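The values are calculated or read from the model by the stated rules, or taken from the named source; none is laboratory data. Since the structure is predicted, the reported quantities are computational estimates derived from the model, not experimental observations. Positions of Cβ are generated from backbone atoms using ideal geometry, with glycine treated the same way; all protein chains shown enter the neighbour counts. Ligands, DNA and RNA are excluded from the accessible area calculation, which covers all protein heavy atoms including side chains. Shrake-Rupley method; radii C 1.70, N 1.55, O 1.52, S 1.80 Å.
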Amino acid sequence: MKSVQRLTQRRFSEAVRELAHRDSDIKAIVERIGAPKPIYRQPGFASLAYIILEQQVSLASAKSTFEKLTLQTGPFTPTALLDLDDENLRSAGVSRQKARYLRVLARAVCDGTLFLEELERQSDEQVRAELTALTGIGDWTADVYLLMALRRPDLWPVGDLALVKAVGEIKGLSPRPDPSQLNSLGESYRPYRSVATRLYWHHYLNPE
């Protein structure tokens, strides 16, 4: 079985230098605002639930909802989430649809359908298949979990709005480049597409 690659601090820094050497636009990002800090999340239920809350909303909105939920649950475990009723979830700002997604995830962890610890030893493709088998988890959610929590080096989440907008602006493409354009560009960043993603996010979060 192939060993699973993870981004260390040293490897991240090396990848930033390598990508800046390959791509003058990446180099310009680093020269303007420096390299991003490789911030990660702890693998597990709480991080995956948080990413579900981030679907199609602002980072600030998702953060606020997650914080309100943790005030009700204490430690954010699958069992604690399932103990909350509809009113609890609604009062925290969780939509009906996302409440369903969170409960599907929590039940899968509780009944052993999904072993989150096992994902850390699986390939990117296996992790994506395991996660997207659950209602409410698509490729974007799986890819962000792989990138943010499992620290995989070569993720390129073409459905991520911040990435799409940043690439469109920096590369002089349409405001929202289509997936084929993004995938073509992403190929040039292998095997460090996760680092390229963070560099584009860095630009998006630090506009001129």
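Evaluated with a Cβ-only charge set (Lys, Arg +1; Asp, Glu -1), segment 50-208 carries a dipole of roughly 300 debye about its Cα centre, given to the nearest 20. Roughly what percent of Cα-Cα pairs across segment 32-155 reach past 25 Å? Everything past 25 Å amounts to 22 percent. Among Asp85, Asp111, the sequence by solvent-accessible area, most first, with a 1.4 Å probe is Asp111, Asp85.
Surface composition of segment 1-126: carbon and sulfur atoms hold 50% of the protein heavy-atom accessible area at a 1.4 Å probe. May I ask you to derive the FRET efficiency for Phe115 and Ser13 from their Cβ-Cβ distance with R0 = 41 Å, giving the value to the nearest 0.05? The computed FRET efficiency comes out at 0.80.
Spin-label model, Glu125/Lys27: points 7 Å from Cα along the beta carbon direction are separated by 3.6 nm. Placing a pseudo-label 7 Å from each Cα along the Cα-to-Cβ vector at Glu87 and Tyr40 gives an inter-label distance of 4.2 nm. The sum of -39500 (n - 2.57) across all DSSP H runs of n ≥ 4, divided by the residue count of the chain, sets its helix-only mean residue ellipticity at 222 nm to -18500 deg cm²/dmol.
In Å², what does the accessible area per residue of segment 1-159 work out to with a 1.4 Å probe? Using a 1.4 Å probe on heavy atoms only, each residue of segment 1-159 averages 53 Å².
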